[in-house]
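*Asks:* Would you mind keeping the following structure in view while I ask a few things?
Every number in this text was worked out from the coordinates using simple rules, so none of it is lab data. Keep in mind it's a predicted model, so treat the numbers as computed, not measured. Cβ: placed from backbone, ideal geometry, glycine included. Neighbour counts: every protein chain shown.
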Amino acid sequence: MVRNLHIERQKADGEPSAITLEEWTEAVDHVEGVRMANGDAHASNPRNEHIVVLPNRGGDAEVFREDCERWLRALFWTPDGTVRFAEPEMKDDPVLTLARSLAGELGAHVYDDKGKACG
């Protein structure tokens, strides 16, 4: 089962502070190895091979993976002001490293689904 991690920002009282699409786009522009994605994402359903379209709300971002020498869509801004991504298998995964850099740009942190800070 794939678990998600989230880039979230909190106020001093612990309440969430939404990350705007403008802030997210600006942060992506400042971090090397990540860029905003164009168009919707397409994926093949492994059970029936149908193509599934995942609409881009304007905040999908791609990460350059040196191991396969291509850009992969990995970070997804949501209208509630968080950014989600699949939890990597390795702690030194480039997506997690970039997510931490982006969180720093936003004055935010990376959290798991239970609200626990991840590094």
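*Asks:* Can you tell me the 0 to 90 degree angle between the C-alpha axis of helix 21-30 and the longest principal axis of the chain, rounded to 10?
*Replies:* Relative to the chain, helix 21-30 is tipped by roughly 80 degrees.
*Asks:* When a/c reaches 1.5 or more, the comparison of a/b and b/c decides; with that in mind, is the range 23-70 rounded, prolate or oblate per its Cα gyration tensor?
*Replies:* Values: a/c = 4.22, a/b = 1.60, b/c = 2.64.
Since a/c reaches 1.5 but b/c is at least a/b, the shape of the range 23-70 is classed as oblate.
*Asks:* Where the only charges are on Cβ atoms (+1 Lys, Arg; -1 Asp, Glu), what is the dipole of the chain about its Cα centre, to the nearest 20 debye?
*Replies:* Dipole magnitude for the chain comes out near 320 debye.
*Asks:* Does anyone have the angle between helix 94-106 and the longest principal axis of the chain? Alpha-carbon axes, 0 to 90°, nearest 10?
*Replies:* 40
*Asks:* Can you pull out the trypsin sites (Lys or Arg not before Pro) in the range 15-119 whose DSSP state is coil and whose Cβ has at most 16 other Cβ atoms within 10 Å? Each step should come with its number before you reach the end.
*Replies:* On the way: sites: Arg35, Arg47, Arg57, Arg65, Arg70, Arg73, Arg84, Lys91, Arg100, Lys114, Lys116; in loops: Arg47, Arg57, Lys91, Lys114, Lys116.
Counting only loop positions with at most 16 other Cβ atoms within 10 Å, the trypsin sites (Lys or Arg not before Pro) in the range 15-119 are Arg47, Arg57, Lys91, Lys114, Lys116.
*Asks:* When the helix-only estimate is applied to the chain (DSSP H runs of n ≥ 4, each -39,500 (n - 2.57), divided by the residue count), what is the mean residue ellipticity at 222 nm, nearest 500 deg cm²/dmol? Could the numbers behind the result be given before it?
*Replies:* Details: 2 runs with 23 residues, N = 119.
Counting only the DSSP helices, I get -6000 deg cm²/dmol.
*Asks:* Based on the Cβ-Cβ distance of Asp13 and Asp80, what FRET efficiency does E = 1/(1 + (r/R0)^6) give at R0 = 22 Å, to the nearest 0.05? Don't jump to the answer; show the numbers that get you there.
*Replies:* Working: r = 18 Å, r/R0 = 0.82.
FRET efficiency, Asp13 to Asp80: 0.75.
*Asks:* With the chain treated as a Gaussian network of Cα nodes joined by springs under 10 Å, which of Asn38, Asn56, Asn48 yields the largest mean-square fluctuation?
*Replies:* Maximum fluctuation in the GNM of the chain, among the listed residues, is at Asn48.
*Asks:* Please tell me the relative contact order of the range 4-109 in percent, rounded to the nearest whole number, where contacts are Cα pairs under 8 Å and at least six residues apart.
*Replies:* 34
*Asks:* Between exposed GluC sites (Glu not before Pro) in the chain, where DSSP calls loop and at most 10 other Cβ atoms lie within 10 Å, what's the longest gap? Present the calculation step by step, with values, prior to reporting the outcome.
*Replies:* Numbers: sites that count: Glu32, Glu49, Glu66, Glu69, Glu89.
By the stated rule (loop sites, at most 10 other Cβ atoms within 10 Å), 1-31.
*Asks:* Considering the chain as a Gaussian network with a 10 Å cut-off on Cα pairs, which listed residue, Ser44, Ser17, Ser101, attains the greatest mean-square fluctuation?
*Replies:* Taking springs between Cα atoms under 10 Å, the residue moving most is Ser44.
*Asks:* On to the next question. What's the FRET efficiency of Ser44 with Arg65 using the Cβ-Cβ distance as r and R₀ = 22 Å, to the nearest 0.05? Display every interim value, and only then the final one.
*Replies:* Values: r = 19 Å, r/R0 = 0.86.
E between Ser44 and Arg65, to the nearest 0.05, is 0.70.
*Asks:* Report the residue, chosen from Gly81, Gly14, Gly104, that carries the largest GNM mean-square fluctuation when the chain is represented by alpha-carbon nodes joined by springs under 10 Å.
*Replies:* Gly14
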